[in-house]
1. Would you mention how many residues in the stretch 30-60 are within 27 Å of Arg133 (Cβ to Cβ), at pLDDT below 80 and not in a loop (DSSP other than H, G, I, E, B)?
2. Could you tell me how many of the residues in the stretch 97-117 are loosely packed, with under 11 Cβ neighbours inside 10 Å and not aliphatic (A, V, I, L, M)?
3. Return the total of residues in the stretch 83-119 being assigned to a helix (DSSP H, G or I) and farther than 23 Å from Tyr70 by Cα.
4. Just to be sure I understand, how many residues within the stretch 18-36 are surrounded by 12 or more Cβ atoms within 10 Å (Cβ to Cβ) and within 22 Å of Glu77 (Cβ to Cβ)?
5. Show the residue pairs that are 6+ apart or on different chains and have beta-carbon atoms under 8 Å apart, the first residue being within the stretch 42-59 and in the same structural domain as Met23 (by TED's automatic domain parsing), the second being surrounded by 16 or more Cβ atoms within 10 Å (Cβ to Cβ) and part of a strand (DSSP E or B).
6. Restricting to the stretch 122-142, and then to whatever is among the β-branched types (Val, Ile, Thr) and in a helix (DSSP H, G or I), can you tell me which residue is nearest to Thr69 (Cα to Cα)?
7. Please specify each residue of the stretch 55-88 satisfying the condition of being exposed (fewer than 13 other Cβ atoms within 10 Å of the Cβ) and within 18 Å of Gly25 (Cβ to Cβ).
8. Among the residues of the stretch 73-82, which ones are over 21 Å from Lys122 (Cα atoms) and either assigned to a helix (DSSP H, G or I) or touching a strand residue (DSSP E or B) at 6+ places or on another chain (Cβ under 9 Å) (or both)?
Amino acid sequence: MGYSGQLDFANDLAFLSQMQQQMQGKTISVTAVVLNIHKGKSKICRYNTTCINRIIFDGEDLEDVETFTYLGSITDEHGGSVADVKARIGKSRVAYLQLKNIWNSKQPSNNTKLKIFNTNVKKVLLYEVETWRTTKAIIQKI
């Protein structure tokens, strides 16, 4: 099959192509190596393209989606990170609220609370930040 531009982890596989014909070829190639692909879970997320030709896998059209989650990161058809940032903010808010008893307690010092915040809230917020397409709006949000 050669280099196919894929990223894979455990049972997740993402094919990257610049042209619709390349993507169609890759979907055909996976059947040649007897990979068991779940058609219902397979999606197409087009990035900055006007091509609307359907991608067919094993005789069925694959579903086109506007956003796609891969290994916990959300990407959209415009290549933006807004949805991923919103999800990270939400997860960090949950992490913060789960530690509400600590924040309201007088027992740990402010220095200890800051360390807890940095390790349990800030880390959740900034997880995979290096993959974000940063804009002024995103920087202001975080």
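1. Number of matching residues: 0.
2. Total meeting the criteria: 9.
3. The total comes to 18.
4. 7
5. Correct list of pairs: Ser42/Phe57; Lys43/Phe68; Cys45/Phe68; Cys45/Thr75; Cys45/Asp76; Tyr47/Thr75; Ile55/Ile44.
6. Thr131
7. Hits for the stretch 55-88 are Ile56, Asp58, Gly59, Glu60, Asp61.
8. Selection gives Thr75, Asp76, Glu77.
The values are calculated or read from the model by the stated rules, or taken from the named source; none is laboratory data. Treat the numbers as computed from the prediction; the structure is a model and nothing was measured. Cβ atoms come from the backbone with ideal geometry, glycine included; neighbour counts cover every protein chain shown.
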